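Read the structure below first, then the notes.
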Amino acid sequence: MLRAAIRTVAGLAAALILGVVPAARAADPIQLEFGNWLPSTHPQTVNSFEPWKKLVEEKTQGRVKVNLYHAGVLGTSRAVLNDVKGGVYHVGLMVPAYYYDTPLFKLTIGELPFAITGPVIGSKIMSEFVAKHGKEVFDQLNIKNMGIFASDAYAMYSTAPIRKIEDLKGMKLRAVGKAWVQIAKDWGAVPTPMQPEEAYTALERGTLNVMQYSPTGAMSWKYYESAPYVTRLESPIVIGGLIMNKAFYDKLPADLKKLFDEELSPALANMMVSVYEKGANQAFDRMKEIFKAKGKGEVITLSPEERVKFIKPTEPEWAAWVKEANKRGYPGEAMMADFKAILKKNGLAPPF
């Protein structure tokens, strides 16, 4: 204590002797808490969230400090919406399919089976759709939309090979969201809700036989260890959202709001899309290497004929989405017509 006081007095004395007025202490940086339920080794953590933290701190010249919390230490994947709304943390990665019974239902149109083919085109399509039909969703939920993006196309990680639709009969299949429960049944499987954080152990114990997940993300969760048969189904594409606590955003100075709106938030969404776009093929190549070294496991590509057998039973789910939208008071037919028009505008032919 005495030494610290002496140093302070000496510093002030030196300043006076040199004729320098001590600068006022810089304001403490704004602390932005970012809750990430993905593991620290996940490609999105390493190649999106960590670089974004540096970008924010550089672009704001230290006025904002980003504190990243990985592996769900602040909350699980299914708690993001409530956690961000409640201020448990300020920024989070949200999966709209987990909130099927909220206005985020509108975004699940992008997860209709075999609708979207990849992250770049999918993110563009969903951004156009949200601009037309979903802008008010975030105000209704009292959260700030930082960007909508699409994942890479999901694969099936199974404990036994799946080469044809009959191989799924009786298998406990992860239902990606509420809409995929009926699809699993249509395929002859047993729909089994499962969070990514719990799937590895579930596959080991047999409480889950098939995990549907992003190839890019599966590398960090290592599902291929307990489920070494990987079938490239190329569907669904899961829609994700980056959200910010509204009260936190509202308190930001005007220039920082502008910076987040015009540069920082779009940069994070773009980083995530880029990771998914590059990651899928790299993941499959790496899994092939692992399976070859172990002498067990396989990356399976369905024949065109077999893939059609997976596609055809899902047609009723497109009509079911419209019916559910109408039930909620939304213009279901108009929304579907616009979605299909956006698909076609971007070079994709709706399967139904």
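The values are calculated or read from the model by the stated rules, or taken from the named source; none is laboratory data. A quick note: this is a predicted structure, and the numbers were derived from the prediction, not measured. In this analysis, Cβ positions are derived from the backbone assuming ideal geometry, glycine residues included, and neighbour counts consider all displayed protein chains. SASA here: full protein model, heavy atoms, side chains in, ligands and nucleic acids out. Shrake-Rupley method; radii C 1.70, N 1.55, O 1.52, S 1.80 Å.
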- Message: Any residue at all in the stretch 143-158 that's farther than 30 Å from TRP52 by Cα and either open to solvent by 10 Å² or more (accessible area, probe 1.4 Å) or out of contact with any strand residue (DSSP E or B) (no Cβ under 6 Å at 6 or more places or on another chain) (or both)?
- Response: no
- Task: Would you please name the residue that is nearest to VAL230 (Cα to Cα), looking only at residues in the stretch 148-164 that are touching a Gly at 6+ places or on another chain (Cβ under 7 Å) and not polar (S, T, N, Q)?
- Result: ALA153
- Of the numbered conditions (1) under 17 Å from PHE149 (Cα atoms); (2) of a type in the set (A, V, I, L, M, F, W, C); (3) more than 13 Å from the chain's Cα centre (by Cα), MET94 satisfies every one except a single condition; which is it? (3)
- Task: Run down VAL190, VAL238 and say which single residue is hydrophobic (A, V, I, L, M, F, W, C), open to solvent by 30 Å² or more (accessible area, probe 1.4 Å) and at negative phi.
- Result: VAL190
- How many residues, within the stretch 31-85, are assigned to a loop (DSSP other than H, G, I, E, B), open to solvent by less than 60 Å² (accessible area, probe 1.4 Å) and either hydroxyl-bearing (Ser, Thr, Tyr) or at positive phi (or both)? 4
- Among the residues of the stretch 162-179, is there at least one that is under 29 Å from LYS344 (Cα atoms), outside any loop (DSSP other than H, G, I, E, B), open to solvent by 40 Å² or more (accessible area, probe 1.4 Å) and of a type in the set (A, V, I, L, M)? no
- State yes or no: is LYS65 touching a strand residue (DSSP E or B) at 6+ places or on another chain (Cβ under 6 Å), more than 27 Å from GLN140 (Cα to Cα) and without any contact (Cβ under 8 Å) to a residue 24 or more places away in the chain? no
- Restricting the first residue to the stretch 150-179 and requiring it to be of a type in the set (S, T, N, Q), which pairs with a second residue that is in a loop (DSSP other than H, G, I, E, B) and open to solvent by less than 10 Å² (accessible area, probe 1.4 Å) meet a Cβ separation below 8 Å and a spacing of at least six or different chains? SER151/SER214; SER158/ALA227; THR159/ALA227
- Message: I'd like to know if the stretch 207-229 contains one or more residues that are surrounded by fewer than 21 Cβ atoms within 10 Å (Cβ to Cβ), among the small types (Gly, Ala, Ser) and part of a loop (DSSP other than H, G, I, E, B).
- Response: no
- Query: Scanning for something over 25 Å from LEU81 (Cα atoms) and either touching a residue at least 60 places away in the same chain (Cβ under 8 Å) or out of contact with any helix residue (DSSP H, G or I) (no Cβ under 6 Å at 6 or more places or on another chain) (or both), does the stretch 255-274 turn up at least one residue?
  - Reply: yes
- Item | Test result for PHE129, in a helix (DSSP H, G or I), under 18 Å from ALA341 (Cα atoms) and either of a type in the set (Ser, Thr, Tyr) or open to solvent by less than 40 Å² (accessible area, probe 1.4 Å) (or both) | yes
- Message: Looking at the stretch 195-206 only, could you name the residues that are open to solvent by 40 Å² or more (accessible area, probe 1.4 Å) and either in a strand (DSSP E or B) or in contact (Cβ under 8 Å) with a residue 60 or more places away in the chain (or both)?
- Response: GLU197
